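A short reminder: the numbers here are calculations on the coordinates, not readings from a lab. Computed from a prediction, not measured in an experiment: that's the story for all the values here. Because the Cβ atoms are built from the backbone with ideal geometry, glycine has one as well, and the counts that use them run over all protein chains shown.
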Amino acid sequence: MRISLFFIAILIFFIATSQIVIAAKPHPIREGYLLVRYKENSTVKTQIEAVHTRAKTKVIKTFKYPSGLQLVKLESGVPATHALSVYKNDAHILYAEPNYLLRAAVIPDDTFFGQQWGLNNVGQTGGLVDADINAVEAWELGTGNQQTVLAVVDTGVDYTHQDLEDNRWFNPGEIPGNGIDDDHNGYIDDIHGINSITGTGDPMDDSEHGTHVAGIIAAKGNNELGVSGVMQRAAILGCKFLDINGEGDTGTAIACIEYLVDLATRKDNPVHIVASNNSWSGGPFSRALYDAIKELRSAGILFMAAASNEGKNNDITATYPANFDLSNIISVAATDHKDDLAIFSNYGRYSVHVAAPGVKILSTFPQNRYGILSGTSMAVPFVTGLAGLIKSANPTLTWMQIRNLIISGGQWTNGLQGNLISERRIRAWDFTGEGSLSCKDQRTSSRLTPKNANPTMRLGQSLPITMLSINCDMPYHSNTLSIRSSDAHSSALTLVDNGTKGDVVADDGVFTGYFIPSKTGTFQIQFSKLDILTIRVQR
């Protein structure tokens, strides 16, 4: 099977200057939110609720100090001026004001950071303000560390790049430059990774794609040049299996995976790899590749996969490796700067987990250059970088918990409704309880199989039903589905998270059950108000 690198376009990044008059800018605000404080004598709950109803807002948080202060969110499409006018003219309200943004010194001083809308969207490219992953807010908790190892399986990585060299991985089992396979893994001097095409210990990038991906994950931040990655500090391990034209094959891909598993499981100097970034796709189902990724799972390593760039529904036309039913895989779609699904991005209500920024993404190119690329290739490293941020902030979390936090901690958007398992674009941190690092009661429940909404089966057969059900980092144990037959008879199907279905891992949030009909007819299984599975049973 041939595997092809994919992205939509390469755009040359440039800066044009002109003579302009700079006017004073209003202080930036958190769009869609207001701070409202009611008067001390307005203690009747119904009075305050009535004001919020007229203002068309919802209370997100009530503060203890100062008393009477609330954070409210505007209903979709309601202008802030309307709500402010309602609050200003109500006798129970002490004051109402915009929710102003405050910027800490942690904001990077990197030359081109202002162009990185995926990390911090202030409308600089004409997009929707705050349609980003909230990286700046997350960095107040931490920017990562170099004990967090993330693998880039791609065209290689220019580990000498000025924005990457301080975040390159060093193999603790190798002595540099002695020409000996010190760690006995078949590669001589694999200091920063390997090239599985040539079988050598040098993952240097002779293309651009892998270096661009690496920069999105972990270009060094606050170094007064270039760009910043999602993680400003990390250890990037390179594995080159795609050639200068962006092409590789299953065997060289598996060699990279084998290398990672060996590093993670070796007795001496084991390497604790959090995730593998895989911004590539290819041909039909490969059991060999499937089994290799399954080995990664056994080693505790996440596999971040691109949903691909044909604008197709992966529920109908599967793309691999993103469509493998392995619970350590996160399949990633791309969004644009307006928080819409990118026009080129594949999607799938039952097969693609999350989305991330993937249109006109600025990052590193080899030889100390920078450039813009688009594609689900660019969305995947945002997810990989987020996994690293989560692990560096919470070192005891398992791969399952990190995966769950990424999927459930995202921000729900209209543009992704009905297109993804989570219907969310990833979010690193948010004061609302969204965000992988701030997740609070964020539930995701979605059917995984069957992907066909109207399957047909014969009497005597069994139909496997799987469902992802999580709440922040943990499985959400409440999965009894109602079944209604065409003769109006009702019954129930209980799904369990015990790993009994082949390759399902116990307690990973994937719940499994089997529909075994005792009669012919039409049966409906309800997963949610909008998701009803209709099964026709024949003799």
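Each of the peptides 416-427, 211-222, 432-443 was scored by the mean count of other Cβ atoms within 10 Å over its residues; in descending order, highest first, they stand as 211-222, 416-427, 432-443. The slack between residue 244 and residue 488, meaning 0.36 nm per residue of separation minus the straight C-alpha distance, is 81.7 nm.
Got a sec? How would 40, 140, 174 order by Cβ neighbour count within 10 Å, fewest to most?
Values: 40 9, 140 12, 174 21.
By the 10 Å Cβ count, ascending: 40, 140, 174.
Percent relative contact order of the chain, based on C-alpha pairs within less than 8 angstrom and at least six residues apart? Write down the numbers at each step before the final one.
Working: 1364 pairs, mean separation 69.8, N = 539.
Averaging sequence separation for qualifying contacts and normalising by length gives 13 percent for the chain.
The length gained by stretching the chain between residue 31 and residue 462 to full extension, at 0.36 nm per residue less their Cα-Cα distance, is 150.2 nm. Put in order of Cβ neighbour count within 10 Å, fewest first, the listed residues 175, 330 become 175, 330.
Where in the chain are the DSSP H helices whose alpha-carbon span along the long axis reaches 18 Å or more and whose Kyte-Doolittle mean is at least 0.0? Don't skip to the answer; put the middle values down first.
Working: long enough: 250-265 (22 Å, 1.12); 376-393 (26 Å, 1.18).
TM-like helix candidates: 250-265, 376-393.
Its Cα gyration tensor gives region 89-235 an equivalent ellipsoid; the semi-axes, largest first and in whole Å, are 41, 15, 12. The lysines within cross-link reach of residue 294, meaning a Cα-to-Cα straight distance under 16 Å and a gap of 8 or more places when in the same chain, are 501.
Each peptide among 460-466, 198-204 gets the average number of other Cβ atoms lying within 10 Å of its residues, and from highest to lowest they stand as 198-204, 460-466.
Mean silhouette area of the chain, derived from the convex hull of its C-alpha atoms and averaged over all directions, reads 28.5 nm².
What is the gain in length, in nm to one decimal, between residue 443 and residue 40 on full extension, counting 0.36 nm per residue of separation less the C-alpha to C-alpha distance?
Details: separation 403, 0.36 × 403 = 145.08 nm, distance 3.56 nm.
Taking 0.36 nm per residue and subtracting the Cα distance, the gain is 141.5 nm.
Strictly over 26 Å apart at the Cα level, which of 440/529; 360/391; 56/312 would you flag in this model? From the list (440/529; 360/391; 56/312), the Cα-Cα distance tops 26 Å for 360/391; 56/312. Dividing the helix sum by the residues of the chain, where each DSSP H run of 4 or more adds -39500 (n - 2.57), gives a mean residue ellipticity at 222 nm of -5000 deg cm²/dmol. For the peptides 390-396, 73-79, the ranking by mean Cβ contacts within 10 Å, running from highest to lowest, is 390-396, 73-79.
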